[in-house]
Amino acid sequence: PKPQNPENMSYFNFIYQHEYFCMFHLIIIIYRAGRPTAVFFADRHRPGQIPTETWRRFVVYNAEAAIRDLGVADGPGGQFSLVVDRSSSGVRNQDPALAIAVLPALVQHYPGLLGEVIVAPVNGVFWAVWRVVSLFLAEETTRRFTFIRGARWREALLEAVGGDVELPEHMRPAGDGV
């Protein structure tokens, strides 16, 4: 499936690619319930490269843009979802301080905006970091997360987001010709 409004999609992609954030490519895809979904490529993140306050402004700016330009607040449940692609990331990309700084603000100021966050694939290092980070987050925030692990993570991810979602090629199960 293609985005319902491609003009808005290119604007949204532009927002994510300008200034500091040109290294990140967040792709808007359509969730099976019609919910916009962004894919964050975690391997492109380097802790400390962008100041935390800049990240906070970035998140707020894009939350407002998603509401204004994509009608996210009007969609099913008024939410967007996030898929965090950890397929090529490692210890160098872990940034618990950023998660602790950004997630509570997003949930507090935009309580109905963030739907589900699906993180795949996760490993033991990620679990150790998550156990610490989750201590600083409200249960309302942590219950939005779904973690996918194991050798068949691509199949599990496709099932979690819905078979009608066009995931980036490297995240699709082998033989899935979408």
So, for the Cα atoms of region 75-159, Rg and Dmax in Å stand at 13.2, 37
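Once the piece of chain linking His170 and Arg149 is laid out straight, how much longer is it, given 0.36 nm per residue of separation minus the C-alpha distance between them?
Once the chain is fully extended between His170 and Arg149, it gains 6.0 nm.
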Residues of region 91-114 with backbone N under 15 Å of the label point set 7 Å from the Cα of Val132 along Cα→Cβ are 91-101
Residues whose modelled amide H sits under 5 Å from the amide H of Arg149, counting only those 5 or more places away in sequence or on another chain, are Val122
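In Å², what does the accessible area per residue of region 28-153 work out to with a 1.4 Å probe?
Details: 5950 Å² over 126 residues.
Ligands and nucleic acids excluded, the figure is 47 Å² per residue.
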Sorting Leu114, Trp127, Ala138 by the position of each Cα along the dipole of region 114-162 (Lys, Arg +1; Asp, Glu -1; all at Cβ), the one nearest the positive end of that ordering is Trp127
If amide H atoms are modeled at 1.01 Å from N in the peptide plane, then the residues at a separation of 5 or more from Glu116, or on another chain, having amide H under 5 Å from its own are Leu82
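With Cβ to Cβ distances under 15 Å as the rule, what net charge do the other residues near Ser134 carry (K, R +1; D, E -1)?
Details: positive: Arg131, Arg143, Arg144; negative: Asp95, Glu139, Glu140.
Combined, the nearby Lys, Arg, Asp and Glu give 0.
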The set of residues whose placed amide H lies less than 5 Å from the amide H of Ser89, leaving out same-chain residues fewer than 5 positions away, is Asp43
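What is the percent carbon and sulfur in the accessible area of region 61-178, measuring with a 1.4 Å probe over the protein chains and ignoring ligands?
On the way: 3170 of 5750 Å².
C and S fraction of accessible area: 55 percent.
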Residue by residue through region 53-60, the couplings from Karplus 6.51 cos²θ - 1.76 cosθ + 1.60 with θ = phi - 60°, in Hz, x for Gly and Pro, are 5, 5, 4, 4, 4, 4, 5, 5
For Ser87, the net charge from surrounding residues (Cβ-Cβ under 14 Å; K, R +1; D, E -1) works out to +2
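The values are calculated or read from the model by the stated rules, or taken from the named source; none is laboratory data. Small disclaimer: the values here were computed from a predicted structure and weren't measured. Every residue, glycine among them, receives a Cβ derived from its backbone with ideal geometry; neighbour counts consider all protein chains shown. For accessibility, only protein heavy atoms count, side chains too; no ligands or nucleic acids. Shrake-Rupley method; radii C 1.70, N 1.55, O 1.52, S 1.80 Å.
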